[in-house]
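Beneath this line is the structure, given in structure tokens, with notes to follow.
The values are calculated or read from the model by the stated rules, or taken from the named source; none is laboratory data. Treat the numbers as computed from the prediction; the structure is a model and nothing was measured. With ideal geometry, Cβ positions are generated from the backbone for all residues, glycine too; neighbour counts draw on all protein chains shown. Each accessible area value is taken on the protein alone, full model and side chains, heavy atoms only, with ligands, DNA and RNA left out. Shrake-Rupley method; radii C 1.70, N 1.55, O 1.52, S 1.80 Å.
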Amino acid sequence: SHRREKNQSDRFPQNLKDQKGKKEMAPSLVANSAPVFCKFSRAEDAAYIRRAADIADKSAGFTSPHPNFGCLIATSTGKVAGEGYLYAQGTKPAEVQAVEAGGSFCRGATAYLNMEPGDCHGDHTAVSALVQAGITRVVVGIRNPLQHLRGQAVRALRSQGLQVHVLGEDLQSKIIEEARKSCLLVNAPLIHRATSRVPFSVFKYAMTLDVILPGVLSWMLTGKIAASSGHAAWISSKTSRDRVFDLRGRSDAVVVGGNTVRRDNPRLTARHGGGHTPMRIVLTQTLNLPEEANLWDVSDAPTIVVTQRGARRKFQKYLASRGVEVVEFDILNSRDVMEYFHDRGYLSILWECGGTLAASAISSGLIHKVFAFVAPKIIGGKNAPTPVSELGMVEMSQALDLIDICYEQVGPDMLISGFLQPIPDLMPVIPSEDETFAIDPTVTPYEPSIIYFYKTWDPYGAFSNFSPHPIQMPDVNGDVTWSSVEHYYQAHKFTGVNDPAAQDFVEKIKTAKSPEEAARLGRSMQRQHPDWVRSDWESVKIDIMYRALKCKFSIYPHLNSMLLSTGGSVLVEASPHDLFWGGGREGEGLNYLGRLLMQLRSEFLGESSTSI
């Protein structure tokens, strides 16, 4: 429900209330309503922005974490014309979906965006959709926190004559600030990534309700996360465990330590029957792990073991033979590991580790939010482990206080959640590197001779084969439209194979809802049914990728211009784990995607000089 100002008409809150919670939203419109521009009240603006933030979160758990965009379009009479949200990187922008749903009722309407558009650098589809639909006013919850995108869409919309209001800048009040906060919360992982070099980290644990009385006037909660024997199964209820599965689905990866693997033998899956499966990460200095563990089964979810360089070489080879990736560090510490996974493109990490690793992560300032499930049980035991080990604090005044605390009953358990660190304030405009250099020449600007790209929301992210640019490629049945380069590439692993099941799978990849889903389908089927993969795949896959890239950069002028503008620079696909298409963690990768783009750039530049 949404709070209303005293004399506020019921038409708007009732309309919004009726729609809340529906999977898809049918337009609620007044027939033949004229497109009259109307200035909405702050209460209406705030409620619509909160709704945009709500729908921005709809794909959580179904796709890997990405910038969450939601768009709601309201007519001058206060009716909702259309809604949309970004399903995954490389899919149709939220603004385009909302405009398509609203149709002609968008003319003269107001668009509410939880965040400034910009899910793919260099792509202006969202802004164009709002302008061409006849939207006259746009209310933005927060500016895009990524520096290379921040402010661009707001300027573009204003340059087209649209009235643009940004919460906290153009609109200010207590109710507006509450709405702005909902926008910060739904993109907290992205904001933390933009302001620090580590992913947004959530520490989750379940504990019993063991209380001791150290003094007459004071109580101290010392919950246990396991019995003295170390047994920790099913402390919390099934309802709480279902919430944990949801938290996993919202994360790029789940982190545990070696003790948890040895003691609990966890699976760490999302167990939702489909959709996004988080990476499973084990941090261990000694690599003293069992040969048989559920985490070594990578048929349903991948596993990475992070360890100290040189630890148990033979066991490393064994893990590699099971399909487990091993990453070595000269000195293993939590911050270096999180910076590595930041570079790997991760937005959100869930820590389900024991007290020792949790204490290390908290001490290093890596944990941003805590979810504590408290079960109404008492187990006792002075040696039973607690959620967080020694932090070096000797007085209660040194304790870490949670902020924005939420209490929620989950089945018989109590869930207490809150932030250890506030979400960074993005109101100040951070100067660009060039502007900083102009002020302080001792600060060296970014070296332009090497251009890295990886995620679609990164600078030059439009170079990614996951970018939201459909392509048309010739086929035996004529030209066929593919949703992305990745769709085309993954499907062509199985084309021409004389097996009906393989051909059916090609169609399944073609209709995948996102490039991420297409990649997941193609890779898993390649592992499970290697006999379905075309026999010449290794010799033709580079040519297949090149044809798809050439089509993409030929039919989109702005992409062609962006590619040509990089002349003289080396292009590197910055995936730290894909050593064929990417550059690898330390430059050891073959970087074939970057090579193909540079080859394509040379071809285009040659054609340009010939035409002159």
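Which of rounded, prolate, oblate describes region 450-610, given a ≥ b ≥ c as roots of the alpha-carbon gyration tensor eigenvalues and a/c under 1.5 marking rounded, otherwise prolate only if a/b is larger than b/c? Working shown, then result.
Details: a/c = 1.91, a/b = 1.45, b/c = 1.32.
Here region 450-610 falls in the prolate category.
Relative to the Cα centre, what is the charge dipole magnitude of region 450-610, using +1 at the beta carbon of each Lys and Arg, -1 at the beta carbon of each Asp and Glu, and rounding to the nearest 20 debye?
Values: 16 positive and 19 negative charges, 44 e Å.
It works out to roughly 220 debye.
For region 56-107, report the % of Cα-Cα distances exceeding 17 Å.
Details: 476 of 1326 pairs.
Tail fraction, whole percent: 36.
May I ask you to give the percent of accessible area on region 42-195 that is carbon plus sulfur, with a probe radius of 1.4 Å? Walk me through the numbers before you get to the answer.
On the way: 2170 of 4380 Å².
Roughly 50 percent of what the probe reaches on region 42-195 is carbon or sulfur.
Please get the size of the charge dipole for region 61-205, origin at its Cα centre, with Cβ charges of +1 on Lys and Arg and -1 on Asp and Glu, quoted in debye to the nearest 20. Let's see the in-between values first.
Working: 14 positive and 10 negative charges, 52 e Å.
Rounded to the nearest 20 debye, it is 240 debye.
Over all directions, average the projected area of the Cα convex hull of region 42-195 and note it in nm².
On the way: hull surface 32.1 nm².
So the Cα hull casts an average projection of 8.0 nm².
What are the residues whose amide H is under 5 Å from the amide H of Gly257, where those residues sit 5 or more places off or on another chain and H is modelled from the backbone?
Leu283, Gly354
Could you work out what % of the accessible surface of region 450-610 is carbon and sulfur, using a 1.4 angstrom probe and leaving DNA, RNA and ligands out of the count? Show your work: numbers first, answer last.
Values: 3750 of 7220 Å².
For region 450-610, the apolar C and S fraction of the accessible surface comes to 52 percent.
Quick one: Cα centre-to-centre distance for region 47-111 and region 309-362, in angstrom?
The two parts, judged by their Cα centres, are 37 Å apart.
Could you give me the ³J(HN,Hα) list for region 552-561, computed from phi with Karplus coefficients 6.51, -1.76, 1.60 and θ = phi - 60°, whole Hz, x at Gly and Pro?
Ordered by residue, 3J(HN,Hα) equals 4, 7, 8, 9, 10, x, 5, 6, 4, 5 Hz.
Which residues does a label at Glu328 reach in region 279-305, if reach means a backbone N under 13 Å from a point 7 Å past the Cα toward the Cβ?
Taking a point 7 Å out along Cα→Cβ of Glu328, the residues of region 279-305 whose backbone N falls under 13 Å are 287.
Taking 0.36 nm per intervening residue step and subtracting the Cα-Cα distance, what contour gain separates Gln172 from Asp401 on full extension? Mind showing how you got there, number by number?
Values: separation 229, 0.36 × 229 = 82.44 nm, distance 2.86 nm.
The span from Gln172 to Asp401 would gain 79.6 nm if fully extended.
Which cross-chain or sequence-distant (5 or more) residues have an amide H under 5 Å from the amide H of Leu571, H modelled 1.01 Å from N in plane?
Excluding prolines and chain starts, which carry no amide H, the hits are Ile451.
In nm, give the distance between the simple-model label positions of Ser104 and Glu390, each being 7 Å from the Cα along the Cα-to-Cβ direction.
7.5
So who's got an amide H within less than 5 Å of the one on Val480, skipping anything under 5 residues away but keeping other chains? H placed 1.01 Å off N, in plane.
Result for Val480 returns Met473, Asp475.
With θ set to phi - 60°, apply the Karplus curve 6.51 cos²θ - 1.76 cosθ + 1.60 along region 494-511 and write out the HN-Hα couplings as whole Hz, x wherever there is a Gly or Pro.
Per-residue couplings from phi come out as 10, 6, x, 7, 7, 8, x, 5, 5, 5, 5, 5, 4, 5, 5, 5, 4, 9 Hz.
In this model, which of Lys510/Lys541; Lys92/Lys204; Lys92/Lys510 are farther than 24 Å apart at the alpha-carbon?
Details: Lys510/Lys541 17 Å; Lys92/Lys204 33 Å; Lys92/Lys510 15 Å.
With Cα atoms farther than 24 Å apart: Lys92/Lys204.
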